[in-house]
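Trainee: Below you'll find the structure I mean.
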Amino acid sequence: MQLTIDLTGRDVLVTGSAHAARQAVRRYEAAGAVVHRLSAPDGADADGPLPERPFLVAAVDDGQPGWEPLLERCRKAGIPVASEPPAGESGHVSLVGGGPGALDLLTMGAVNALRDADVVFYDRLAPYAELAQLTSAEMVDVGKRPGHHKVAQCDIEKLMVDAAMAGKNVVRLKGGDPYVFGRGGEEVSACVQAGIPVRVISGVTSAISVPAAAGIPVTHREVSHMFTVVSGHAPLTEKEHTHLAGLGGTIVVLMGIGTLPQLAAGLRRAGMDPAMPMAVVERGYRPGQRTTIAELGTIETAAAGCTNPAVLVIGEVVRVAEANRNHTEATADLNLLAASLLEA
Ligand code: SAH
(Lines give C-alpha, C1' and ligand atoms only; values in the text may rest on other atoms or scores of the structure.)
Protein backbone atom coordinates (compact mmCIF):
# COMPACT_ATOMS: atom_id res chain seq x y z
CA MET A 1 0.00 0.00 0.00
CA GLN A 2 1.16 3.50 -0.73
CA LEU A 3 0.26 6.57 1.26
CA THR A 4 0.93 10.19 0.39
CA ILE A 5 1.40 12.58 3.31
CA ASP A 6 2.48 16.21 3.19
CA LEU A 7 5.73 16.34 5.17
CA THR A 8 6.49 20.01 4.69
CA GLY A 9 8.11 21.34 7.83
CA ARG A 10 7.61 18.05 9.73
CA ASP A 11 10.35 16.57 11.90
CA VAL A 12 11.42 13.24 10.46
CA LEU A 13 14.04 11.09 12.16
CA VAL A 14 15.92 8.97 9.65
CA THR A 15 17.71 6.07 11.31
CA GLY A 16 20.42 3.99 9.66
CA SER A 17 24.07 4.28 8.70
CA ALA A 18 25.10 7.25 6.58
CA HIS A 19 25.78 5.08 3.58
CA ALA A 20 22.54 3.08 3.67
CA ALA A 21 20.39 6.11 4.53
CA ARG A 22 21.77 8.62 2.07
CA GLN A 23 18.99 8.31 -0.46
CA ALA A 24 16.22 8.18 2.13
CA VAL A 25 17.64 11.43 3.59
CA ARG A 26 17.54 13.05 0.17
CA ARG A 27 13.99 11.83 -0.45
CA TYR A 28 12.69 13.22 2.82
CA GLU A 29 14.53 16.48 2.32
CA ALA A 30 13.08 16.75 -1.18
CA ALA A 31 9.64 16.20 0.34
CA GLY A 32 10.18 19.27 2.54
CA ALA A 33 10.69 17.44 5.85
CA VAL A 34 13.08 18.69 8.56
CA VAL A 35 15.41 15.70 8.61
CA HIS A 36 17.17 14.54 11.82
CA ARG A 37 19.70 11.76 11.67
CA LEU A 38 20.68 8.88 13.87
CA SER A 39 23.24 6.61 12.27
CA ALA A 40 23.95 4.26 15.18
CA PRO A 41 21.40 2.70 17.52
CA ASP A 42 23.30 3.82 20.64
CA GLY A 43 22.86 7.43 19.59
CA ALA A 44 26.55 8.09 20.07
CA ASP A 45 26.80 10.08 16.87
CA ALA A 46 23.68 12.27 17.11
CA ASP A 47 24.59 15.74 15.91
CA GLY A 48 22.71 18.03 18.23
CA PRO A 49 19.50 17.32 20.12
CA LEU A 50 16.95 15.13 18.42
CA PRO A 51 13.31 16.15 18.43
CA GLU A 52 11.42 14.94 21.46
CA ARG A 53 8.63 13.61 19.31
CA PRO A 54 9.29 13.35 15.58
CA PHE A 55 6.28 13.25 13.25
CA LEU A 56 7.70 10.11 11.66
CA VAL A 57 10.63 7.75 12.05
CA ALA A 58 12.04 6.54 8.73
CA ALA A 59 13.93 3.38 9.62
CA VAL A 60 16.49 2.37 7.01
CA ASP A 61 17.40 -1.27 7.28
CA ASP A 62 21.20 -0.98 7.34
CA GLY A 63 21.81 -4.48 8.70
CA GLN A 64 23.11 -3.22 12.09
CA PRO A 65 21.66 -5.08 15.04
CA GLY A 66 20.24 -2.99 17.84
CA TRP A 67 17.73 -0.73 16.09
CA GLU A 68 14.68 -2.74 17.10
CA PRO A 69 14.44 -1.65 20.79
CA LEU A 70 14.59 2.00 19.75
CA LEU A 71 12.00 1.55 17.02
CA GLU A 72 9.78 -0.40 19.40
CA ARG A 73 9.95 2.47 21.92
CA CYS A 74 8.87 4.89 19.17
CA ARG A 75 5.97 2.66 18.14
CA LYS A 76 4.87 2.32 21.76
CA ALA A 77 4.95 6.11 22.07
CA GLY A 78 2.61 6.29 19.06
CA ILE A 79 5.20 7.61 16.60
CA PRO A 80 4.72 6.04 13.16
CA VAL A 81 7.73 4.06 11.95
CA ALA A 82 8.14 3.67 8.18
CA SER A 83 10.60 1.11 6.87
CA GLU A 84 12.83 2.43 4.14
CA PRO A 85 14.90 0.34 1.75
CA PRO A 86 18.64 0.84 2.19
CA ALA A 87 20.53 2.42 -0.68
CA GLY A 88 21.61 -0.55 -2.77
CA GLU A 89 25.19 -1.61 -3.13
CA SER A 90 27.01 1.42 -4.40
CA GLY A 91 29.29 1.85 -7.33
CA HIS A 92 27.24 0.16 -10.01
CA VAL A 93 25.48 1.13 -13.21
CA SER A 94 21.91 0.36 -14.27
CA LEU A 95 21.02 0.86 -17.89
CA VAL A 96 17.34 1.65 -17.68
CA GLY A 97 14.79 1.69 -20.48
CA GLY A 98 12.51 4.65 -19.92
CA GLY A 99 9.77 3.69 -22.37
CA PRO A 100 8.34 6.02 -25.00
CA GLY A 101 7.76 8.96 -22.71
CA ALA A 102 4.66 8.18 -20.68
CA LEU A 103 5.23 7.83 -16.95
CA ASP A 104 2.81 4.92 -16.73
CA LEU A 105 4.88 2.94 -19.23
CA LEU A 106 7.92 2.91 -16.94
CA THR A 107 8.56 -0.54 -15.46
CA MET A 108 8.68 -1.20 -11.70
CA GLY A 109 12.35 -2.02 -12.25
CA ALA A 110 12.91 1.44 -13.71
CA VAL A 111 11.06 3.12 -10.85
CA ASN A 112 13.09 1.21 -8.23
CA ALA A 113 16.40 1.90 -10.00
CA LEU A 114 15.57 5.61 -10.19
CA ARG A 115 14.68 5.65 -6.50
CA ASP A 116 18.06 4.08 -5.65
CA ALA A 117 20.13 6.29 -7.94
CA ASP A 118 22.67 8.91 -6.87
CA VAL A 119 23.06 10.25 -10.37
CA VAL A 120 20.98 9.86 -13.54
CA PHE A 121 22.45 10.43 -16.99
CA TYR A 122 19.53 10.87 -19.38
CA ASP A 123 18.96 11.69 -23.05
CA ARG A 124 16.51 13.89 -24.79
CA LEU A 125 14.21 10.97 -25.60
CA ALA A 126 14.03 9.59 -22.08
CA PRO A 127 10.88 10.63 -20.21
CA TYR A 128 12.44 13.22 -17.97
CA ALA A 129 9.70 15.79 -17.40
CA GLU A 130 8.28 14.04 -14.34
CA LEU A 131 11.47 12.43 -13.08
CA ALA A 132 11.73 14.74 -10.10
CA GLN A 133 8.82 12.81 -8.57
CA LEU A 134 10.70 9.53 -8.89
CA THR A 135 14.23 10.31 -7.81
CA SER A 136 16.23 12.67 -5.69
CA ALA A 137 19.36 11.88 -7.70
CA GLU A 138 21.46 14.46 -9.46
CA MET A 139 20.16 14.75 -13.04
CA VAL A 140 22.64 15.10 -15.88
CA ASP A 141 21.39 15.71 -19.43
CA VAL A 142 23.81 14.01 -21.80
CA GLY A 143 21.50 14.20 -24.81
CA LYS A 144 21.85 17.89 -25.31
CA ARG A 145 23.90 20.51 -23.55
CA PRO A 146 23.50 24.26 -23.53
CA GLY A 147 24.83 25.23 -26.92
CA HIS A 148 23.11 22.14 -28.33
CA HIS A 149 26.18 19.94 -28.50
CA LYS A 150 25.48 16.32 -27.87
CA VAL A 151 27.83 14.65 -25.42
CA ALA A 152 29.92 12.16 -27.42
CA GLN A 153 29.22 8.48 -26.74
CA CYS A 154 32.72 7.84 -25.33
CA ASP A 155 32.30 10.79 -22.97
CA ILE A 156 28.95 9.45 -21.73
CA GLU A 157 30.60 6.10 -21.05
CA LYS A 158 33.44 7.80 -19.18
CA LEU A 159 31.00 9.88 -17.09
CA MET A 160 29.11 6.72 -16.10
CA VAL A 161 32.22 4.74 -15.25
CA ASP A 162 33.80 7.61 -13.29
CA ALA A 163 30.64 8.20 -11.25
CA ALA A 164 30.37 4.49 -10.41
CA MET A 165 34.05 4.37 -9.47
CA ALA A 166 33.42 7.29 -7.13
CA GLY A 167 30.93 5.01 -5.33
CA LYS A 168 27.70 6.34 -6.81
CA ASN A 169 24.70 4.36 -7.97
CA VAL A 170 24.43 5.35 -11.59
CA VAL A 171 21.33 5.17 -13.72
CA ARG A 172 21.73 5.57 -17.43
CA LEU A 173 18.19 6.36 -18.53
CA LYS A 174 17.42 5.83 -22.18
CA GLY A 175 14.29 6.24 -24.25
CA GLY A 176 12.36 3.07 -25.05
CA ASP A 177 14.45 -0.07 -24.56
CA PRO A 178 18.22 0.26 -24.00
CA TYR A 179 19.01 -2.50 -26.51
CA VAL A 180 16.90 -1.17 -29.40
CA PHE A 181 19.04 1.33 -31.29
CA GLY A 182 20.13 2.69 -27.94
CA ARG A 183 23.85 1.84 -27.94
CA GLY A 184 23.12 -0.08 -24.75
CA GLY A 185 25.52 -2.86 -25.69
CA GLU A 186 28.41 -0.42 -25.98
CA GLU A 187 27.65 1.10 -22.58
CA VAL A 188 27.51 -2.33 -20.98
CA SER A 189 30.89 -3.21 -22.54
CA ALA A 190 32.42 0.02 -21.25
CA CYS A 191 31.32 -0.85 -17.71
CA VAL A 192 32.47 -4.47 -17.98
CA GLN A 193 35.88 -3.35 -19.26
CA ALA A 194 36.21 -0.95 -16.33
CA GLY A 195 35.20 -3.71 -13.89
CA ILE A 196 31.99 -1.92 -12.88
CA PRO A 197 28.96 -4.11 -12.07
CA VAL A 198 26.24 -3.33 -14.60
CA ARG A 199 22.68 -4.52 -15.25
CA VAL A 200 20.11 -3.76 -17.90
CA ILE A 201 16.47 -3.02 -17.13
CA SER A 202 14.41 -3.50 -20.27
CA GLY A 203 11.96 -0.82 -21.28
CA VAL A 204 8.89 -0.53 -23.45
CA THR A 205 10.23 0.11 -26.92
CA SER A 206 8.75 2.80 -29.13
CA ALA A 207 8.89 0.30 -32.01
CA ILE A 208 5.78 -1.38 -30.61
CA SER A 209 4.27 1.17 -28.26
CA VAL A 210 4.23 4.21 -30.56
CA PRO A 211 2.27 2.40 -33.31
CA ALA A 212 -0.02 1.19 -30.48
CA ALA A 213 -0.55 4.78 -29.38
CA ALA A 214 -1.99 5.36 -32.85
CA GLY A 215 -4.12 2.21 -32.63
CA ILE A 216 -1.85 0.17 -34.91
CA PRO A 217 -1.09 -3.41 -33.82
CA VAL A 218 2.29 -4.50 -35.26
CA THR A 219 0.91 -8.01 -35.78
CA HIS A 220 -2.67 -9.02 -36.46
CA ARG A 221 -4.13 -12.45 -37.11
CA GLU A 222 -4.44 -13.14 -40.83
CA VAL A 223 -2.98 -9.74 -41.67
CA SER A 224 0.63 -9.80 -40.54
CA HIS A 225 2.51 -12.49 -38.66
CA MET A 226 5.86 -10.79 -38.41
CA PHE A 227 7.32 -7.37 -37.93
CA THR A 228 10.75 -6.07 -38.77
CA VAL A 229 12.25 -3.14 -36.91
CA VAL A 230 14.61 -1.10 -39.03
CA SER A 231 16.79 1.91 -38.34
CA GLY A 232 16.33 4.72 -40.83
CA HIS A 233 19.37 6.52 -39.51
CA ALA A 234 21.18 5.87 -42.79
CA PRO A 235 19.56 4.94 -46.13
CA LEU A 236 19.17 1.20 -46.73
CA THR A 237 20.96 -0.62 -49.52
CA GLU A 238 19.13 -1.85 -52.60
CA LYS A 239 19.52 -5.41 -51.34
CA GLU A 240 17.90 -4.48 -48.02
CA HIS A 241 14.99 -2.82 -49.82
CA THR A 242 14.48 -6.01 -51.83
CA HIS A 243 14.59 -8.23 -48.72
CA LEU A 244 12.22 -5.99 -46.80
CA ALA A 245 9.74 -5.74 -49.65
CA GLY A 246 9.83 -9.53 -50.01
CA LEU A 247 9.12 -10.32 -46.36
CA GLY A 248 5.44 -9.53 -46.44
CA GLY A 249 5.00 -8.52 -42.78
CA THR A 250 4.91 -5.18 -41.02
CA ILE A 251 7.90 -2.85 -41.32
CA VAL A 252 8.56 -0.48 -38.43
CA VAL A 253 11.15 2.22 -38.95
CA LEU A 254 12.74 4.27 -36.17
CA MET A 255 14.75 7.42 -36.86
CA GLY A 256 13.21 7.29 -40.31
CA ILE A 257 12.00 10.81 -41.07
CA GLY A 258 15.22 11.95 -42.73
CA THR A 259 15.44 8.94 -45.05
CA LEU A 260 11.70 8.47 -45.68
CA PRO A 261 11.83 9.48 -49.39
CA GLN A 262 14.71 7.06 -50.10
CA LEU A 263 12.95 4.25 -48.21
CA ALA A 264 9.59 4.73 -49.97
CA ALA A 265 11.26 4.93 -53.40
CA GLY A 266 13.48 1.93 -52.64
CA LEU A 267 10.54 -0.25 -51.56
CA ARG A 268 8.60 0.72 -54.70
CA ARG A 269 11.60 -0.14 -56.87
CA ALA A 270 11.76 -3.46 -55.09
CA GLY A 271 8.21 -4.19 -56.18
CA MET A 272 6.14 -3.27 -53.12
CA ASP A 273 2.58 -2.23 -54.02
CA PRO A 274 2.30 1.60 -54.10
CA ALA A 275 -1.14 1.15 -52.48
CA MET A 276 0.48 -0.38 -49.37
CA PRO A 277 -0.80 1.63 -46.38
CA MET A 278 1.75 3.53 -44.37
CA ALA A 279 1.60 5.61 -41.20
CA VAL A 280 3.87 8.16 -39.60
CA VAL A 281 3.29 8.50 -35.86
CA GLU A 282 4.98 11.58 -34.41
CA ARG A 283 5.58 12.32 -30.72
CA GLY A 284 3.87 9.18 -29.38
CA TYR A 285 2.41 9.63 -25.85
CA ARG A 286 3.41 13.28 -25.82
CA PRO A 287 1.64 16.55 -26.33
CA GLY A 288 1.05 17.00 -30.05
CA GLN A 289 0.98 13.29 -30.88
CA ARG A 290 -0.07 13.06 -34.53
CA THR A 291 -0.68 10.25 -37.00
CA THR A 292 -0.41 10.74 -40.76
CA ILE A 293 -1.77 7.93 -42.90
CA ALA A 294 -1.08 7.59 -46.61
CA GLU A 295 0.10 4.96 -49.09
CA LEU A 296 3.58 3.96 -50.12
CA GLY A 297 2.99 5.80 -53.41
CA THR A 298 1.95 9.09 -51.80
CA ILE A 299 3.75 9.18 -48.45
CA GLU A 300 6.51 11.62 -49.44
CA THR A 301 3.98 14.40 -50.03
CA ALA A 302 1.66 13.41 -47.18
CA ALA A 303 4.49 13.29 -44.63
CA ALA A 304 6.41 16.31 -45.89
CA GLY A 305 5.75 18.26 -42.67
CA CYS A 306 6.50 15.38 -40.28
CA THR A 307 9.35 15.74 -37.78
CA ASN A 308 11.31 13.59 -35.34
CA PRO A 309 10.72 11.75 -33.12
CA ALA A 310 8.45 9.59 -35.21
CA VAL A 311 7.87 5.92 -35.95
CA LEU A 312 6.97 4.82 -39.49
CA VAL A 313 4.77 1.79 -40.03
CA ILE A 314 4.42 0.14 -43.44
CA GLY A 315 1.96 -2.69 -43.85
CA GLU A 316 -1.64 -3.83 -43.97
CA VAL A 317 -1.90 -3.52 -40.16
CA VAL A 318 -2.29 0.24 -40.70
CA ARG A 319 -5.74 -0.57 -42.16
CA VAL A 320 -6.66 -2.47 -38.97
CA ALA A 321 -6.20 0.75 -37.02
CA GLU A 322 -8.30 2.62 -39.56
CA ALA A 323 -11.03 -0.03 -39.45
CA ASN A 324 -11.04 0.07 -35.64
CA ARG A 325 -11.16 3.84 -35.67
CA ASN A 326 -14.04 3.83 -38.18
CA HIS A 327 -15.79 1.29 -36.01
CA THR A 328 -15.36 3.48 -32.93
CA GLU A 329 -16.62 6.46 -34.89
CA ALA A 330 -19.54 4.43 -36.26
CA THR A 331 -20.43 3.34 -32.73
CA ALA A 332 -20.30 6.96 -31.65
CA ASP A 333 -22.62 7.84 -34.57
CA LEU A 334 -25.02 5.08 -33.55
CA ASN A 335 -25.04 6.39 -30.00
CA LEU A 336 -25.88 9.85 -31.31
CA LEU A 337 -28.62 8.38 -33.48
CA ALA A 338 -30.03 6.44 -30.53
CA ALA A 339 -29.94 9.56 -28.38
CA SER A 340 -31.77 11.62 -30.99
CA LEU A 341 -34.37 8.87 -31.48
CA LEU A 342 -34.96 8.77 -27.73
CA GLU A 343 -35.35 12.52 -27.65
CA ALA A 344 -37.88 12.49 -30.54
N1 SAH B 1 15.70 2.77 -27.73
C2 SAH B 1 14.59 3.47 -28.30
C3 SAH B 1 14.85 3.93 -29.71
C4 SAH B 1 15.98 4.92 -29.83
S5 SAH B 1 16.16 5.52 -31.48
C6 SAH B 1 13.33 2.59 -28.21
O7 SAH B 1 13.42 1.40 -27.93
O8 SAH B 1 12.23 3.15 -28.40
C9 SAH B 1 15.18 6.97 -31.43
C10 SAH B 1 13.94 6.80 -32.26
O11 SAH B 1 12.92 6.17 -31.51
C12 SAH B 1 13.31 8.11 -32.72
O13 SAH B 1 13.95 8.64 -33.84
C14 SAH B 1 11.92 7.63 -33.06
O15 SAH B 1 11.91 6.95 -34.29
C16 SAH B 1 11.66 6.62 -31.97
N17 SAH B 1 10.90 7.17 -30.82
C18 SAH B 1 11.25 7.08 -29.52
N19 SAH B 1 10.31 7.63 -28.72
C20 SAH B 1 9.34 8.06 -29.54
C21 SAH B 1 8.08 8.71 -29.32
N22 SAH B 1 7.65 9.02 -28.10
N23 SAH B 1 7.32 9.01 -30.41
C24 SAH B 1 7.74 8.71 -31.64
N25 SAH B 1 8.91 8.11 -31.91
C26 SAH B 1 9.71 7.78 -30.88
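Trainee: Which count do you get for residues in the range 164-195 that are within 16 Å of the ligand (Cβ to nearest atom), farther than 25 Å from Thr228 by Cβ and among the hydrophobic types (A, V, I, L, M, F, W, C)?
Mentor: So the count comes out to 2.
Trainee: For Leu236, indicate whether it is more than 13 Å from the ligand (Cβ to nearest atom) and in a helix (DSSP H, G or I). Break it down into steps so the answer makes sense when it comes.
Mentor: Working: more than 13 Å from the ligand (Cβ to nearest atom): yes; in a helix (DSSP H, G or I): no.
For Leu236, the condition - more than 13 Å from the ligand (Cβ to nearest atom) and in a helix (DSSP H, G or I) - is not met.
Conditions tested, residue by residue: (1) assigned by TED's automatic domain parsing to the domain that holds Arg290; (2) within 16 Å of the ligand (Cβ to nearest atom).
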residue	(1), (2)
Pro197	no, no
Ala212	yes, yes
Ile216	yes, yes
Thr250	yes, yes
Ala265	yes, no
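Trainee: Just name the residue that is modelled with the lowest pLDDT out of those in the range 113-125 that are in a loop (DSSP other than H, G, I, E, B) and surrounded by fewer than 23 Cβ atoms within 10 Å (Cβ to Cβ). Give the derivation first.
Mentor: Step one: of the range 113-125, the residues in a loop (DSSP other than H, G, I, E, B) are 116-118, 123-125.
When the remaining residues are screened for being surrounded by fewer than 23 Cβ atoms within 10 Å (Cβ to Cβ), the result is 116, 118, 123-125.
On the way: Asp116: 89, Asp118: 92, Asp123: 85, Arg124: 75, Leu125: 68.
Ranking the qualifying residues of the range 113-125, first place goes to Leu125.
Trainee: Being within 29 Å of Asp104 (Cα to Cα) and open to solvent by 20 Å² or more (accessible area, probe 1.4 Å) is the filter here; which residues of the range 152-176 pass it?
Mentor: Within the range 152-176, Gln153, Glu157, Leu159, Lys168, Gly175 qualify.
Trainee: Got a sec? Which of Val200, Val192, Val180 is surrounded by fewer than 22 Cβ atoms within 10 Å (Cβ to Cβ), assigned to a strand (DSSP E or B) and of a type outside the set (Gly, Ala, Ser)?
Mentor: Every option except Val200 fails the conditions.
Trainee: Moving on. Quick one: is Leu263 open to solvent by less than 50 Å² (accessible area, probe 1.4 Å) and within 19 Å of Ala207 (Cβ to Cβ)?
Mentor: Working: open to solvent by less than 50 Å² (accessible area, probe 1.4 Å): yes; within 19 Å of Ala207 (Cβ to Cβ): yes.
When the stated conditions are applied, Leu263 passes them.
Trainee: Test Lys150 against the stated conditions and say whether it is touching a Gly at 6+ places or on another chain (Cβ under 8 Å) and modelled with pLDDT under 95.
Mentor: Details: touching a Gly at 6+ places or on another chain (Cβ under 8 Å): yes; modelled with pLDDT under 95: yes.
Judged against the criteria, Lys150 is a match.
Trainee: Considering each of Ala264, Ala234, Ala294 in turn, give the residue that is in contact with a helix residue (DSSP H, G or I) (Cβ under 8 Å, 6 or more places away or on another chain) and farther than 24 Å from Arg221 by Cα.
Mentor: Every option except Ala264 fails the conditions.
The values are calculated or read from the model by the stated rules, or taken from the named source; none is laboratory data. It should be emphasised that the depicted structure is a prediction, and the values quoted were computed from it without experimental measurement. Counting neighbours? That spans all protein chains shown, and the Cβs are built from the backbone with ideal geometry, glycine included. Each accessible area value is taken on the protein alone, full model and side chains, heavy atoms only, with ligands, DNA and RNA left out. Shrake-Rupley method; radii C 1.70, N 1.55, O 1.52, S 1.80 Å.
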